[in-house]
């Protein structure tokens, strides 16, 4: 017998998917799940979330006329199946690789990626904006926002829902619930009720009631509205969403296509109100290793499909994140006022280790960075010592709180800024590029950057000792340099850097984890007969002005090197030199920062090379400033 062509081979774009019979979708979903598993086993990336929405992805593209109808995915880390059936299957094994597909939705990548995302809780706001634009322009298409229960913990999602409910704009929100405990049992009865409550008849009854209620006394209207909403809420669990102005439907089994398809068809016909469909799924569904350990399979490196075993790193040095966590544990053993706060990233920030030791002093506030910062500020007013461990890219979401609730009140909140600098496969959306610039402009703020894991240990101790103002210390993603760690951290002198190698031709002043590259550059320059001083600033604020001026006055060239955007450490060094008149004395200064572009996903080494922040680029910049060519010879026509 001839082997039948897999259905997935017939689906190049969603229009092909819509040619299938409903009875064929189960097979297609199974093939799509296997293709996702196989692809991620090669590239690494986010796995569990994508496996959990395979059936939902198929159902959405089957019921809705994409790309004319718009699907807005929240975060975007669950969209690998979406990418496969929207014309990108032939490139799916380039995920998160240099020049390959992004691990998140990206408008420039496909017309099916309606809104770029990688941070949580943006979908409803963006979707409402698209829907309002549709209405203003007299167009007719559906807007569907897919948001997870974790993303729904952020205030932004509720701000958007409140706005959407008040506007009565036609909008569909899919709540992908893969962890919440609010959901009642999902089965045939709840699926039946969901179909009934999402149907056109029910919608028309509601619309008639809305019309009639305009002419009834407000007290009567309020009474019957409450009775109606609570009746639906008692049956479906959706009272909160009804209060926000949404027609609530669910919960329904997100892995059962016979439940999904009729409900999606029904809400597609909603005329003048937003609707929320509560879909219950399981992360990692259909792949036993991921189902058994959804936290470890949320994001994975390359793995063996048969066993689920992930490829272990060959490096021997501990990660910066682990060093931070273990250092904080040591400080907390000595000081019971130390508490730790994370915004839904306990394992990513290492605070899961802290929580094992101090469960009552660890607080996970959900995807709510704004709340996390002000929550920490409140703790600080009562004498606690809060450490808010937040990725640099996510701290951007809470900048007003850092300014208004922490810095302005001079509260000693300690920010542990993980993922500083470029982060590799997650790309521009997760790069820690801007925190130096946006924190060093704040009065009385202390900002440190660890050049290696031993320095990180001391900076944790330093932050614990600062009781009179806010502070932060930043450190990169990945493994440390393998240096010997101190037995315990010793507080550093605030605002004091260090000289690590003395030279006389030029000076390299480092801030952050590029120090090893600075040493390599100094070695390269030595081969050209140039002696370089290498210094580590440690602090961007307060800046060690004595160190800066000493280096400037005793060298012909001063290079600053940092893993941040323009406006950060180098800018403060330039301001210091200008203020002290050193720039008027012929000093050649070069600030080496991240270029003024968003740097795409690749390996960290490739990213830093393209950014001009590796040893080769540092040495080349020094030679250029000295008027020498790449081989170290004096360039013709240049006087020194």
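The values are calculated or read from the model by the stated rules, or taken from the named source; none is laboratory data. Since the model is a prediction, treat every value here as computed from it, not as a measurement. Cβ sites come from the backbone with ideal geometry, for glycine too, and all protein chains shown count toward neighbours.
So the values come out like this:
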{"item": "Residue in the stretch 572-587 that is surrounded by the fewest Cβ atoms within 10 Å (Cβ to Cβ), counting only those that are touching a strand residue (DSSP E or B) at 6+ places or on another chain (Cβ under 7 Å) and at pLDDT 95 or above", "result": "574"}
{"item": "Conditions (1) touching a residue at least 60 places away in the same chain (Cβ under 8 Å); (2) crowded, with 23+ Cβ neighbours inside 10 Å; (3) in contact with a strand residue (DSSP E or B) (Cβ under 6 Å, 6 or more places away or on another chain); (4) in a loop (DSSP other than H, G, I, E, B): number failed by residue 96", "result": "(2)"}
{"item": "Residue in the stretch 316-325 that is more than 23 Å from the chain's Cα centre (by Cα), over 30 Å from residue 386 (Cβ atoms) and at pLDDT below 90 present", "result": "yes"}
{"item": "Residues (in contact with a helix residue (DSSP H, G or I) (Cβ under 6 Å, 6 or more places away or on another chain) and crowded, with 18+ Cβ neighbours inside 10 Å) located in the stretch 593-613", "result": "593, 594, 599, 601"}
{"item": "Among residues of the stretch 348-375, those that are under 20 Å from residue 121 (Cβ atoms) and touching a residue at least 24 places away in the same chain (Cβ under 8 Å), counted", "result": "14"}
{"item": "Yes/no for residue 111 being farther than 24 Å from residue 14 by Cα and either touching a residue at least 24 places away in the same chain (Cβ under 8 Å) or in the same structural domain as residue 85 (by TED's automatic domain parsing) (or both)", "result": "no"}
{"item": "Flag if residue 76 is in contact (Cβ under 8 Å) with a residue 24 or more places away in the chain and part of a helix (DSSP H, G or I)", "result": "no"}
{"item": "Filtered residues of the stretch 374-396 (kept if surrounded by 22 or more Cβ atoms within 10 Å (Cβ to Cβ) and within 23 Å of residue 423 (Cα to Cα))", "result": "387, 388, 389, 390, 391, 392, 393, 394, 395"}
{"item": "Members of the stretch 460-489 found to be within 23 Å of residue 408 (Cα to Cα), touching a strand residue (DSSP E or B) at 6+ places or on another chain (Cβ under 6 Å) and touching a residue at least 60 places away in the same chain (Cβ under 8 Å), listed by number", "result": "463, 474"}
{"item": "Checklist (1) outside the structural domain of residue 172 (by TED's automatic domain parsing); (2) not in a helix (DSSP H, G or I) applied to residue 325, failing item", "result": "(2)"}
{"item": "Matching option when the condition is out of contact with any helix residue (DSSP H, G or I) (no Cβ under 6 Å at 6 or more places or on another chain), free of Cβ contacts under 8 Å to residues at least 12 places away in the same chain and over 21 Å from residue 491 (Cβ atoms), among 322, 312, 302", "result": "312"}
{"item": "Any hit, the stretch 141-148, residues being farther than 22 Å from residue 254 by Cα and either outside the structural domain of residue 367 (by TED's automatic domain parsing) or in contact (Cβ under 8 Å) with a residue 40 or more places away in the chain (or both)", "result": "yes"}
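Rundown of residues vs (1) out of contact with any helix residue (DSSP H, G or I) (no Cβ under 6 Å at 6 or more places or on another chain); (2) in a strand (DSSP E or B); (3) modelled with pLDDT under 95, yes/no style:
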position: 463; (1), (2), (3): yes, no, no
position: 491; (1), (2), (3): no, no, no
position: 495; (1), (2), (3): yes, no, no
position: 507; (1), (2), (3): no, yes, no
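Conditions tested, residue by residue: (1) assigned to a strand (DSSP E or B); (2) over 30 Å from residue 514 (Cα atoms); (3) in contact with a strand residue (DSSP E or B) (Cβ under 8 Å, 6 or more places away or on another chain).
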position	(1), (2), (3)
354	no, no, yes
389	yes, no, yes
396	no, no, no
402	no, no, yes
